[in-house]
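Peer 1: Before we start, here is the structure in question, set down as C-alpha cells.
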Amino acid sequence: MANDDNVDHLRTVERLSNILKITPNLKSISIIQHDEPLILEEQHLALSKKTFKELGLFSRQTFLKFIKKESSPSRDSTLDELSTVLIVLNPDDNKYWNYRKRLCQKCSKNQTDKLFLELKLSSCSLKLKPKCSEPFIHARWLLTNYREIVSEQTIFSQLKMCEDSAEHYKHNYYSWIHRLWVIKTFFSTKLLEKELEWSKGWMESHISQFCGMNYRFNLLLISSAHQNPDSDVQKCKTFVNEVSYVVDLVLFYPETESLWCYLGLLLYYCSANQIECEESALFRVRAIDNRFSRRFQKRNFNPEIA
C-alpha cells in the first residue's frame, strides 16, 4: 500500500513539475478543499489540502534520499522534478534553491531557455507565498550570472513579478528591494523614465502604502545621481516638483499618514541639501494643519528601503 502511495505521489510530482514549467503566465496557485489533487483552469492552479500536505512531506523525504545517490539520468531527472515542486511548496528552504543553482552551473551561460525557466519558477514560487526572500535572491543570482543574455523583456518580467508580489502582500519589502536592485543593475534613462511614471501611478492607487513612496524617493535619488553634475538647477527642480506634487496629494488625502511621512522625507532631504521648496506649496499644507512643523521636527527619516 505504501509503495502504491509512493507511485501516486511521484506521478503527482511529475505532473505538477510539468505544469509549473510549461504553463505560460501562471496567474495564481492556491490551496483548496477538493477531491482532485491538482486542478488547472485558465492559468489558475489549485492543490487540494491533502495533496499539499502529503506531497510536501513526500517530496522532502524523497529529495533527501535521492540526493545521496550517485548521479544517473533517472536520479537527476527525479531531483529536478522534486526541486521544482519543493521551491513552490516550501520556498523558504534554500537547499532546494541551491540545488537549482547547481543545475544551472552545469549548463552553458548562453542558454536563454534555462534562464527563462528558472526565473519563471522563481515567479511561480511567489504565487503561493508572495512575501519570501529566497525567490528574489535566486532571481538576482540568475540575472548576475546570465547578465550577458538578459533582455529587455526579461527585465520587464522581473518588474512585473515584483508588482504582483507587492500587490498580493502589502509592505512586501523583499519585492521593493529586488525591484530597486533591477533598476540599479540594468540602469538606462529609458527604463528609469518608465519606472518613475509607473511609480507615480502605483503611489496614487496605493495611497496608504509607504513602501511605494519610499521606492519612488530612491528612484528620484538615482535620477539625480545620473543628471549632469554641473546642473544643480535640474536636481533641485526634480525634488521641488515632487514636493509640490505630494502637497497636492496631501490636500486631497489629508488623513493619510503615509503621505505625510513621504512629504516629511522630501522636506528633510531638501533641507539637508539646501534645496528651497516653493513657499506656496508649504503654505497650502499649513492651511490644513497648523501643526505641520511639529509633526516632523522630531522625526528621523531613513531614505533606504531596507
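The values are calculated or read from the model by the stated rules, or taken from the named source; none is laboratory data. Keep in mind the model is a prediction, meaning the values are calculated, not measured. Virtual Cβ from ideal backbone geometry, glycine too; neighbours counted across all protein chains shown. Surface areas here come from the heavy atoms of the whole protein model, side chains and all, with no ligands, DNA or RNA. Shrake-Rupley method; radii C 1.70, N 1.55, O 1.52, S 1.80 Å.
Peer 1: Leaving out ligands and nucleic acids, note down the accessible area per residue over region 10-114 with a 1.4 angstrom probe, in whole Å².
Peer 2: Accessible area per residue, region 10-114: 57 Å².
Peer 1: Shifting gears a bit: Based on the mean of other beta carbon atoms within 10 Å per residue, what is the order of 6-15, 89-98, most packed first?
Peer 2: 89-98, 6-15
Peer 1: Right, another one. For region 24-175, what is the convex hull volume of the alpha-carbon atoms per residue, in Å³?
Peer 2: Measuring per residue, one finds 118 Å³ for the Cα hull of region 24-175.
Peer 1: Can you give the convex hull volume of the alpha carbon atoms of the chain per residue, in Å³? Numbers along the way, then the final one.
Peer 2: Working: hull volume 47.9 nm³, N = 306.
Measuring per residue, one finds 157 Å³ for the Cα hull of the chain.
Peer 1: Still on this structure: Which value in nm describes the separation of the simple spin-label points at GLU197 and ASN228, placed 7 Å from the Cα toward the beta carbon?
Peer 2: Inter-label distance under the simple model: 2.4 nm.
Peer 1: Pick from HIS171, HIS226, HIS138: which residue has the top mean-square fluctuation in a GNM of the chain where Cα pairs under 10 Å get a spring?
Peer 2: HIS226
Peer 1: Give the accessible surface of region 167-233 per residue, rounded to a whole number of Å², with probe radius 1.4 Å and ligands, DNA and RNA excluded.
Peer 2: Averaged over the residues of region 167-233, the accessible area is 49 Å².
Peer 1: I've got another one for you. How much length would be gained if the chain were fully extended between GLU14 and LYS190, taking 0.36 nm per residue of separation minus their Cα-Cα distance, in nm to one decimal?
Peer 2: 59.2 nm
Peer 1: Would you mind telling me the share, in percent, of accessible area of the chain contributed by carbon and sulfur at probe 1.4 angstrom? Kindly include the intermediate steps, with their values, before the conclusion.
Peer 2: Numbers: 8190 of 16470 Å².
Looking at the chain in its full context, I get 50 percent from C and S.
Peer 1: Here's something else I'd like to know. Applying the Karplus parametrisation 6.51 cos²θ - 1.76 cosθ + 1.60 with θ = phi - 60° to the phi angles of region 97-107, what ³J(HN,Hα) value in whole Hz is obtained for each residue in order, glycine and proline being reported as x?
Peer 2: After applying 6.51 cos²θ - 1.76 cosθ + 1.60, I find 5, 5, 5, 4, 5, 5, 5, 5, 5, 7, 9 Hz.
Peer 1: To continue, here is another question. To the nearest 0.05, what FRET efficiency results for LEU221 and HIS168 with a Förster distance of 30 Å applied to their C-beta separation?
Peer 2: Between LEU221 and HIS168 the formula returns 0.65.
Peer 1: At 0.36 nm per residue, minus the direct Cα-Cα distance, what do THR144 and SER280 gain on full extension? Give it in nm, one decimal, please. List each step's numbers first, then the result.
Peer 2: Values: separation 136, 0.36 × 136 = 48.96 nm, distance 4.64 nm.
Gain on extension, THR144 to SER280, equals 44.3 nm.
Peer 1: Same structure, new question: Assigning unit charges at the beta carbon (Lys, Arg +1; Asp, Glu -1) and nothing else, what dipole magnitude in debye, to the nearest 20, does the chain show about its Cα centre?
Peer 2: Around 840 debye, computed over the chain.
Peer 1: Would you kindly state how much longer the chain becomes between THR238 and SER151 on full extension, computed as 0.36 nm times their sequence separation minus their alpha carbon distance, in nm to one decimal?
Peer 2: Computed gain between THR238 and SER151 is 28.4 nm.
Peer 1: Counting pairwise Cα distances across region 137-179, what percent come out greater than 16 angstrom?
Peer 2: 36 percent
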